[in-house]
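Asker: My structure is below; once you've seen it, I'll send some questions.
Just so it is clear, none of the values below were taken in a lab; they were calculated from the coordinates. Since we're looking at a predicted model, the values are computed, not measured. Cβ coordinates were reconstructed from backbone atoms using ideal geometry, including for glycine residues, and neighbour counts include every protein chain displayed.
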Amino acid sequence: MKEIKINPNHLYSFNGGLKLKHHKTDSLGKKLAISTIPDKLFISLRINRGNIAKPTVDIGDYVLKGQVIAKPDTDNGSYIHASSSGTITAICDKETASPNADMATVIEITTDKKNQWIESNPSRDIKTAIKDAGLVGMGGAGFPTHLKYRDNEISTLIINGAECEPYISCDEQLMLDFPHELLDGIILMLNVANAKQAIIALEDQIGGIKTQFEKLISDRKIDNITVIKVPTIYPAGGEKQLIKVLTGQEVPSGGLPLDLGLIVQNVGTAKALSDYYTNGKPLVERIITIAGDAIGQPQNYSALIGTPISHLLKQAECNSDMTDRLIIGGPMMGFAMPSSDIGIDKTSNCILALSKENTEHHGDTLPCIRCGECVNVCPANLLPQQLHWYIKGENLEKAREHHLFDCIECGACAWVCPSQIKLVDYYRYAKSELKYLDFKRVKSDESQIRHEKREERLQRLKDERLAKRKRTRRRTTDPAKVKLDLQATLDRVNKAKDDKEKSNE
Amino acid sequence: MHPLISLLIISSIALLFGFIVMWVSKKFKVEGNPIVEQINAILPQTQCGQCDYPGCKPYATAIANGEAAINQCPPGGEEGIKKLAELLDLEVLELNPENGSEETIDLVVEVVEEDCIGCTKCIQVCPVDAIIGAAKQMHTIILSACTGCDLCIPACPVDCIISIPAPIPNTINRIEKPQLYALVKEAQQL
């Protein structure tokens, strides 16, 4: 494995990117608010990439806070816990706070407001603890955390505190308010990954967090955690982009940071691990930013997983008449939500309520003029306009050849497009369609095998039948053999007759 | 030099090459027609017989021999015809309406289990062995293996096999293609 050297004074850069207005001060500078317990929690069982966990409880069951209510049926998932105590009142298909507000199984808990914890006894093995706590990447993708800790050799653990999207400030709030828990979590992760060092990456526009951390680190005499500020360029907080900035290396196409001997974790995930390992609290709450110009009191809230968006909006004094669009996630990569009746999930880092002023399109979408602006800003070094043309012409395989699946959907290309083409929508469409076509291809290959096996079997049965018929026919046509057979039968009959007579006597 | 010597040298070289060619053609002999395999790989493998051939491979063979047109496969649809045309350097044709029309969604079949009499007739016609059952026992269909060829529907004497939308894994979430330019939208508004 290549040795990875990280020098805080010599950082690298990725292609393109954008300088965006931050809009973060509105929600920061206030204390973290604790959200009240809603009457109903809607806990989505959707885990990353559409896998759905299986409920382990029934309607009518009483559950305590932190009790496991759903288990994944493959290793590629994570546990889901009840976020508060109460009664399960429904298990049904409902929209979730995921891309395109996908339908998935949702467990509805009517809370009893007692918020009573279940007694827990966290495992002392960190790997098991990660799984039991239901940890997923809290930065947005929701990749199950236990899958990152395999037996790979890890040189560096990167803790991602570079929140690059405008408005979102939940990670910054977490670093300000819970530095101790965060450091505990990082030390646990260092142990389980057996890594030499950890790096906390921050954006350079962030205030005094670096000094705060450095003081804590020297107070606690930790020598393998360093804090590095990276330039504030969107999307510097993207996993692959952050690795490029820090190490100058690129994650191979279709690969994972593990291939470079790196693990990247969001600050929220590290804190959640320490919460479970030291206090026995699984991942049932997270910090979420409520912001946007329709919000009266933009602020960061500590909210239970499954809290309906409407409940949080009410607390943040949202002007519902002004709200034109509700977005989960940031303004660049977020998804519009069809209603405010949806529960937040483990990856929801922000709710934006935007007024018409901010969502309206200025001017129409026009044809692509191949100006190449999008190529200049693409942080994944792709050719956005070329992909757009291929997808428009339904030439999806060609788009795949041009590394469509390396697109991180950051939206930088659509942001700079002078024709205002919603490029990311095209890429999302093409990715989903290609996945579907792959599924069909696999199925057709399987059908071909099944069909060939069947033909083979039918042919074999036919051959066997023919062979059998041939054998009997030969026996009946060969005169010498017929005579022998006849003699044998006669002998047998006579013998039986004799035996019978003997026994009668 | 004697002209016979040069003749001898040339003919022995020719003989040597002759042997090499013979050996190579034996050693690297291609079994079957490779173009049939390539065509077969494009066909959807539903084995439905809508193309008037008893399966995908026979149809592929017929196309390779120039006996059948490339527009007789409704499950493959427009996309399949385009791919075949590209592979064989032929013109893209419209789907032949005599063979049927392309379904907009994928379908598979299901046995209405309370009506099944256990006659095994559907099992005998299923080209991919996707039906489980025995005589006088209720039959059922493995949905993930069913290709939606519908061959079992006419075979059933009590009409207890029905078409249902094909199950798709949760990890695949098809979304619609984004609308084209606003100019089209404007045209629609006029």
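Asker: Below 16 Å, Cα to Cα, which lysines can A:K240 reach? Residues fewer than 8 away in the same chain don't count.
Answerer: Output for A:K240: A:K148.
Asker: Okay, moving on. Taking trypsin sites (Lys or Arg not before Pro) that fall in a DSSP loop and have at most 14 other Cβ atoms within 10 Å as cut points, what is the longest piece of chain B between them?
Answerer: Counting only loop sites that pass the neighbour cut-off, the longest clear stretch is B:30-135.
Asker: Per DSSP helix of 4 or more residues, -39500 (n - 2.57); summed, then divided by the residues of the protein assembly as shown. What does that give at 222 nm, rounded to the nearest 500?
Answerer: When only DSSP H runs of four or more count, the value is -11500 deg cm²/dmol.
Asker: Given A:M103, A:T89, A:I47, which one lies farthest toward the positive end of the charge dipole of region A:31-124, if we put +1 on the Cβ of every Lys and Arg and -1 on the Cβ of every Asp and Glu?
Answerer: Positive-end residue among those listed: A:I47.
Asker: A follow-up question, please. Would you work out the charge dipole size for region A:220-317 about its Cα centre, treating the Cβ of every Lys and Arg as +1 and the Cβ of every Asp and Glu as -1, and quote it to the nearest 20 debye?
Answerer: My answer is approximately 240 debye.
Asker: If the only charges are +1 at each Lys and Arg Cβ and -1 at each Asp and Glu Cβ, what is the size of the charge dipole of region A:295-370 around the Cα centre, to the nearest 20 debye?
Answerer: Roughly 240 debye for region A:295-370.
Asker: By how many degrees, 0 to 90 and rounded to 10, does the Cα axis of helix A:267-279 deviate from the longest principal axis of chain A?
Answerer: 80
Asker: Something else: Within 10 Å, count the other beta carbons around each residue, average over each peptide in B:84-91, A:148-155, and list them highest first.
Answerer: By packing density, highest mean first, the sequence is A:148-155, B:84-91.
Asker: Okay, next question. Within chain A, what percent of beta bridges assigned by DSSP are antiparallel, to the nearest 5?
Answerer: Among the beta bridges of chain A, antiparallel pairing accounts for roughly 65 percent.
Asker: Nothing charged except the Cβ atoms of Lys and Arg (+1) and of Asp and Glu (-1): what's the magnitude of the dipole of the protein assembly as shown about its Cα centre? Round to the nearest 20 debye.
Answerer: 2540
Asker: Further, regarding this structure: For the Cα atoms of chain A, what angle does the longest principal axis make with the long axis of helix A:179-193, in degrees from 0 to 90, nearest 10?
Answerer: Taking the Cα atoms of chain A, the angle to A:179-193 is about 30 degrees.
Asker: Right, here's the next one. Return P(r) of region B:1-112 (all Cα-Cα pairs; 10 Å bins starting at 0; whole %; ordered from short to long distances).
Answerer: P(r) over region B:1-112, rounded to whole percents: 13, 32, 17, 12, 11, 8, 5, 2, 0, 0.
Asker: Would you kindly calculate the translational diffusion coefficient of region B:34-99, applying Stokes-Einstein with the Kirkwood radius from alpha carbon pairs, for 37 °C and a viscosity of 0.692 mPa s, and quote it in µm² s⁻¹ without decimals?
Answerer: This corresponds to a translational diffusion coefficient of 290 µm²/s.
Asker: Averaging over every viewing direction, what projected area does the convex hull of the Cα atoms of region A:1-87 cover, in nm²?
Answerer: Approximately 11.9 nm², given one-decimal rounding.
Asker: Kindly express, to the nearest 10 degrees and within the range 0 to 90, the angle between helix B:77-88's C-alpha long axis and the longest C-alpha principal axis of chain B.
Answerer: For B:77-88 against chain B, the angle is about 0 degrees.
Asker: Would you mind checking A:K40/A:K65; A:K196/A:K271; B:K57/B:K177 for any pair whose Cα atoms are more than 23 angstrom apart?
Answerer: B:K57/B:K177
Asker: Which of the peptides A:185-191, A:158-164, A:121-127, B:156-162 is most tightly packed, and how do the rest follow, judged by the mean count of other Cβ atoms within 10 Å per residue?
Answerer: Descending packing order for the listed peptides: A:158-164, A:185-191, B:156-162, A:121-127.
Asker: Next question. Quick one: how many lysine pairs does region A:365-467 have with C-alpha atoms less than 27 Å apart and a gap of 8 or more or different chains? Give me the count, please.
Answerer: Lysine pairs meeting the criterion: 18.
Asker: Where Rh is the Kirkwood radius over the Cα pairs of region A:413-505, the temperature 20 °C and the viscosity 1.002 mPa s, what D in µm²/s does Stokes-Einstein return?
Answerer: Here the translational diffusion coefficient equals 102 µm²/s.
Asker: Considering the options A:Q459, A:G411, A:Y390, tell which one lies farthest towards the positive end of the dipole of region A:365-467, charges being +1 on Lys and Arg and -1 on Asp and Glu at the Cβ, about the Cα centre.
Answerer: So the residue we want is A:Q459.
Asker: How much space per residue, in cubic angstrom, does the convex hull of the C-alpha atoms of region A:178-276 take up?
Answerer: 106
Asker: By counting other Cβ atoms within 10 Å of each Cβ, how are A:F213, A:F42 ranked from fewest to most?
Answerer: A:F213, A:F42
Asker: Now for a different question. Check cross-link reach from A:K502 to the aspartates and glutamates: straight Cα distance under 20 Å, and skip same-chain residues fewer than eight apart.
Answerer: Cα-Cα hits under 20 Å: A:D491.
Asker: Pick out, from B:S25, B:N65, B:Q45, the residue whose Cα sits farthest towards the positive end of the charge dipole of region B:14-67, with +1 on the Cβ of Lys and Arg and -1 on the Cβ of Asp and Glu.
Answerer: Farthest towards the positive end: B:S25.
Asker: Can you run phi through the Karplus equation (6.51, -1.76, 1.60; θ = phi - 60°) for region A:108-116 and list ³J(HN,Hα) in whole Hz, with x for Gly and Pro?
Answerer: In residue order, the calculated couplings are 9, 10, 8, 6, 9, 6, 7, 6, 7 Hz.
Asker: Just to be sure I understand the curve: with the Debye formula and one point per C-alpha of chain B, what is log10 I(q)/I(0) at q = 0.08 Å⁻¹?
Answerer: Listed by q, the Debye log ratios stand at -0.47.
Asker: Further, regarding this structure: Can you give me the Cα centroid spacing of region A:248-300 and region A:61-132 in angstrom?
Answerer: Between the Cα centres of region A:248-300 and region A:61-132 lies a distance of 18 Å.
Asker: Next question, about the same structure. May I ask for log10 I(q)/I(0) of chain A at q = 0.08, 0.09 Å⁻¹, from a Debye sum over the Cα atoms as equal point scatterers with solvent left out?
Answerer: Values, matching the q order: -0.55, -0.67.
Asker: Sort by residue number and name the cysteines in chain B that have no neighbouring cysteine Cβ under 4.7 Å.
Answerer: So far as the 4.7 Å Cβ criterion goes, B:C51, B:C56, B:C73, B:C116, B:C119, B:C126, B:C146, B:C156, B:C160 stand without a partner in chain B.
Asker: How large are Rg and Dmax for region A:365-467 when only the alpha carbon atoms are used, in Å?
Answerer: Looking at region A:365-467, its Cα Rg and Dmax stand at 22.1, 76 Å.
Asker: Treating the Cα atoms of region B:5-61 as identical point scatterers in vacuum, please give the log10 of the normalised Debye intensity I(q)/I(0) at q = 0.13, 0.20, 0.27 Å⁻¹, two decimals.
Answerer: -0.54, -0.76, -0.98
Asker: Additional query: Counting other C-beta atoms within 10 Å, and keeping those with at most 15, which DSSP coil trypsin sites (Lys or Arg not before Pro) do you find in region A:1-60?
Answerer: A:K2, A:K5, A:K19, A:K21, A:K30, A:K31
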